[in-house]
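Before any comments, here is the structure.
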Protein chains: 2
Amino acid sequence: MKAVVIAAGMGSRLSSIRNNRPKPLTRLLGLSLIERVILTAREASIREFVVVVGYLGSMIKEELGDGSRYGVKITYVENHEWQRGNAVSVLKAREVLNERFLLLMSDHVFDPAVLKEVRDLPLDEEECLMVVDGKPDDYIDMEDATRVMVREGRVVGIGKGLREYNAVDCGIFSCPLSLFDALQESIGQGDETLSGGMQRLADRGRLRAHDMNGRFWIDVDTEDAYRKAEELLSRALVKPTDGFISRYLNRPVSIRFSRLLVKTSITPDAISFSAFVLSLLAAMLLSHGDYLPVLAGGILVQVSSILDGCDGEVARLKFQQSDYGAWFDAVLDRYADAAVILGLTYGWWIANGDGPGVWLAGYLALTGSLMNSYTAIKYDAVMSKERNGQGWRFGRDTRSFLVMLGAVFNQLFCLLVALAVVANFVSVRRLCVLRRV
Amino acid sequence: MKAVVIAAGMGSRLSSIRNNRPKPLTRLLGLSLIERVILTAREASIREFVVVVGYLGSMIKEELGDGSRYGVKITYVENHEWQRGNAVSVLKAREVLNERFLLLMSDHVFDPAVLKEVRDLPLDEEECLMVVDGKPDDYIDMEDATRVMVREGRVVGIGKGLREYNAVDCGIFSCPLSLFDALQESIGQGDETLSGGMQRLADRGRLRAHDMNGRFWIDVDTEDAYRKAEELLSRALVKPTDGFISRYLNRPVSIRFSRLLVKTSITPDAISFSAFVLSLLAAMLLSHGDYLPVLAGGILVQVSSILDGCDGEVARLKFQQSDYGAWFDAVLDRYADAAVILGLTYGWWIANGDGPGVWLAGYLALTGSLMNSYTAIKYDAVMSKERNGQGWRFGRDTRSFLVMLGAVFNQLFCLLVALAVVANFVSVRRLCVLRRV
C-alpha cells in the first residue's frame, strides 16, 4: 500500500519557527515534520510514498531524497498551483496511483498505532476511511479544526464551519481511487478543499469514520500546537512497564535531557555506553570507602540510571530502535550493575574490616541482581502476554535508587544485604509464579 | 487432519518382549509403541486419532482411553478379522473418515519432523503420499521390509517380493478417501495387504513418494529392531548445539542414565532439581578448603553437570518438554553455577589467606559465568537463525568440566581467574559479533 503525503503548502501560521523553510521541514524533536510522518508510516510497514510538493518543493526533495536513507521509496509529484486548495494537491497524485492508498498530511504528528489499525481494517472497495477524534472538546486548536459529524460509524457532514459536530478530522485517510472523481466534482463546483471531496463521498454513504480512541495526534499549525506536539511525543515515552522510581523520578528528568539529545547526532548506542562509563566511574568512587567519594558514587549511580533511560527515548523519538540496541544496552547494564555491587563491597571491606561477611553479602547481591535480570526476560514476556501487565518487578531503577540511598546514609553493608535478600526473593518467586501460569 | 493408526495385529515376532500384551503396548524407553506414535503425531499438530484395534483391542482401549491424557481425541474402530491382511484393518476406518487422513502403523518409530513435512506438502485431491527410505541397504530388516520402486518421485512398484527396488516403505502415508476403493478392489482380487491397495494407486500414477532424507525410522518387528529403535531414539537426543564436553563426555553417560530414568515416573523437573541439589552439595564440599572435600566437590560438579542433561533427555523421550521446564532448569543452573563459584572462592579463602584477591577473582568469575548465560539467550537465537549454527560457546558443560579439573589439581585460584577471563571475554565478544550480524 502506498501513502500519499501532502507537503505543498506554505504554513504561514508557523513562520516564526520554520525559518524560511517549507513547513514540512520544520524540525520537531530531532526530525522534520515530514520525516516523522514517513517514519511513522514505516512502522506500519508502508514502504512506498508519493510526496506532493509545491512551496519550496525542491528543498523538500533535496532533504528527503529517494527515501533510501529511511529504507523506503519516495516519488514526488509537483503541484505548482499550491496556493489553491489542498484538493488540487491530492488530485496531482492521481497519475501515479492504481489502487487504494493512505492519505497523510506532512504536518500532522500522531501515534503510529493508528496506522496499523487503518491498514488492517477490511473496507469495501469503494469505501473511504477517515480517522476522527471523537473528543473534539479536548483538541487544542478547535477554531481551525475541520469539524466532522459522525452517525453510526459514518461521516455525514464535514467542514470547518459545521455548526453541529461530534468529532474532528485527524487528517489520516484510507482512500479508494474513486476519491479523485469526488475531488474533481467538488472542484468543479467551486470547493477546492479536501473536505469538499470527502463531503461528496459522505453524501453517498461511502465515508467511514474510525476513532482515534484517545491516541495522540495534532496538526502542527501554530506555535502553540508545536509545543503541544513536543509535549505529546514526550509523554508517549513513558512505558507501561516503567516502575515507580522510573516513572516519577527518572523519566521526568531523562525526557527533558532526551529533548536536548535528539537535536544532536549522538546515537542511542553512544548514550548507552556513556551511562555504562558513568556507572564504572561510580563503582570506582564507591570502592574508595570514605564517605565523600561513596556519596558521590551513589549519586552518580542514580545519574547513570537516569541517563540510561535516554538511549531508548532518543531511539524512539528518532525511530532508531533496534533489537541489537536494546540488547547492547541490557548487557552493558548488567556489567554496570556488577561493577557497582563490586564497588560497594570493596568499599565497605576497605573501610570496615577483613571478615568474609561483606564479600558474602556482595556475592549474594550480585547473584540476585543478575538473576533478577536473567529471569525478567522470560517473566516479562509471559506476564505481558498472559496477564496484559508486567507483574512484580524489582527493576534497575529501584536497585539504583537504593544504592544511592545506601550511599547517602553510608549503610553499604545493610544495602548489600537488602539487595541480596530482595533480588533473590523476587527471582525465586518468579519460578513459582510462572509454574502456575 | 485425522490420523488412522493401525493397531490390530498380534506381533508374534516380538513375543519375547511384549509379555502377552498386544504389540502396540510394548514399552520402549518409557512409552508404549502406540503412545509414541500418537505423541509423535501430536508434535505435528495432529489432534484426532482413529485407532483400529483387533487382537486384545480392549487392553489398548483401556490403556489409551479417549486420549484426553495426551491432549488428543481418540476414537476406536474394531477389526475382528485382524488375522486377515492389514488392508482389512484400514478399510474398517472408512466409515469415520470424510477427508484426507494420515495413515500410521502403531509399531513404527520415526522422527517427528517427517510428519510436519507430510502435513504441509501440497497434494492433488486424488493423490496418495507414501514416505519411503531411499537408502534401503542401510535398513536393518531388509528381509521383511516392503520394497518400493520409485521413478521420478512416483512409486511404480511395491511389494515384499519385489526384485528391483530402490527404496523401502516406511509405513507413513497421507491418503485420499479414494484409497478405500483401491483397497476393496485389491481385496476382491485376493490381495489383502495394504501394499496391494497402494499398488493399484501406483498403477494409476497416483502414489507419490516422499523421501525420509536420512531421518530415522524403524518398524519394531523383532527383538533386534527393538534394540535398534532404542539406539535410534537415544542418538537423536544429542543436540546440534551440544558442545565438545557435552557431546563426548556428558551425553554418552547421561543418555545411559536417562534410559533407566524413563522407566520410572520421575519428572524432568524433579531431575533438574536433583541436579541443582547435587550442585549445592558440591559447593559445600568445595567451600571446605581441604583437598579431599574439594576433590569430592569437583567430581560432584561434573556428576551434576551430567545429570543436568537427563532432564531434557527424559522430557524429549517422553514428550514432556515444556517452555517452563526448560526455563526452570536454566534458572536453577544459574543458581547452581553461582553456588559452585562461591564454594570455590570461599574454599580457597579459608585455606590460603585473607587478601581480597580471591574474592575479586570469584566475583569476576561469577559475573562472567552469569553473563555468559545471559548473553547466550540472544546470541544463540540469532546464530541459529542467521548462521544456521551455534557460533562460539563457553557452555556450562565446559565450565563444569574446568571446575572438576581445577579441583583435581587443587588449583582453585587459577581456575577462578581462568573462568573470569574466558567467560567475560566470550560475553564481550558477543557484543561485537552481534553488532555485525
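Data overview
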| item | result |
| --- | --- |
| Distance in nm between pseudo-label sites at B:D137 and B:K73 (7 Å out along the Cβ direction from Cα) | 4.8 nm |
| Cα gyration tensor shape for the protein assembly as shown, rounded if a/c is under 1.5, else prolate or oblate | oblate |
| Using θ = phi - 60° and Karplus 6.51 cos²θ - 1.76 cosθ + 1.60, couplings along segment A:69-80 (whole Hz; Gly, Pro as x) | 4, 9, x, 9, 10, 10, 10, 10, 10, 9, 10, 6 |
| At 7 Å out from Cα toward Cβ: A:Q411 inter-copy label distances (nm, ascending) | 4.6 |
| Helix-only [θ]222 nm of chain A, DSSP H runs n ≥ 4, -39500 (n - 2.57) each, per residue, nearest 500 | -17000 deg cm²/dmol |
| B:K385/B:E81 FRET efficiency (R0 60 Å; Cβ-Cβ; nearest 0.05) | 0.70 |
| Total charge dipole magnitude, the protein assembly as shown, about the Cα centre, Cβ charges on Lys, Arg, Asp, Glu only, Debye to nearest 20 | 1280 debye |
| Net length gained if the chain between B:F425 and B:R27 were fully extended (0.36 nm per residue, minus Cα distance) | 138.5 nm |
| Other-copy label distances relative to B:M284, 7 angstrom Cα-Cβ extension, nm | 4.3 |
| 0 to 90° range, to nearest 10: angle between helix B:251-261 axis and chain B longest Cα axis | 60 degrees |
| Tensor-based shape of segment B:136-181 (alpha-carbon gyration tensor, a/c under 1.5 rounded, otherwise prolate or oblate) | prolate |
| Prolate/oblate/rounded label for segment A:237-436 (Cα gyration tensor, a/c 1.5) | oblate |
| Karplus 3J(HN,Hα) series, Hz, for segment A:159-170 with 6.51 cos²θ - 1.76 cosθ + 1.60 (x for Gly, Pro) | x, 5, x, 3, 7, 9, 8, 9, 7, 10, 6, 8 |
| On Cα atoms only, tilt of B:412-436 relative to the major axis of chain B in degrees | 60 degrees |
| Net lengthening on full extension, A:D323/A:F244 (0.36 nm per residue, minus Cα-Cα) | 25.9 nm |
| Whole-Hz couplings from phi, Karplus 6.51/-1.76/1.60, listed for segment B:317-325; x for Gly and Pro | 5, 9, 6, 10, 4, 8, 4, 4, x |
| Between segment A:289-366 and segment B:115-142, the alpha-carbon center distance in angstrom | 58 Å |
| Net +/- balance of residues flanking A:R399 in space, Cβ distance below 15 Å, scoring K and R +1, D and E -1 | -2 |
| Contact order relative to length of segment B:237-436, as percent, for alpha carbon pairs under 8 angstrom and 6 or more apart | 27 percent |
| Amide H partners (placed H, <5 Å) of A:A167, local residues excluded | A:V148, A:V150 |
| Cβ-based net charge around B:R84, under 12 Å, with every Lys or Arg adding one and every Asp or Glu removing one | -2 |
| With Cα atoms, 0 to 90° folded angle of helix A:396-408 axis to chain A main axis | 40 degrees |
| Qualifying trypsin sites (Lys or Arg not before Pro) in segment A:149-210, DSSP loop, other Cβ atoms within 10 Å at most 13 | A:K160, A:R163, A:R204 |
| Charge context of A:L102, other residues only, Cβ under 9 angstrom, K/R +1, D/E -1 | +3 |
| Given 14 as the ceiling on other Cβ atoms within 10 Å, longest exposed-site-free region of chain B for chymotrypsin sites (Phe, Trp or Tyr not before Pro) in DSSP loops | B:1-391 |
| Label point 7 Å beyond Cα along the C-beta direction, distances from B:E164 to other copies (nm, shortest first) | 8.8 |
| Longest DSSP-loop-exposure-free segment, GluC sites (Glu not before Pro), chain A, at most 15 other Cβ within 10 Å | A:165-437 |
| Cross-link table A:K385/B:K263; A:K116/B:K239; B:K2/B:K378; A:K239/B:K378; B:K116/B:K239; A:K385/B:K385, entries beyond 31 Å C-alpha to C-alpha | A:K385/B:K263; A:K116/B:K239; B:K2/B:K378 |
| Dipole-positive endmost among B:V314, A:I187, A:G362 within the protein assembly as shown (Cβ charges, Cα centre) | A:G362 |
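Values in this text are rule-based calculations from the coordinates and carry no lab data. Please read all numbers here as calculations on a predicted model, not as lab measurements. Heads up, the Cβs are rebuilt from the backbone with ideal geometry, glycines too, and the neighbour counts pull from every protein chain shown.
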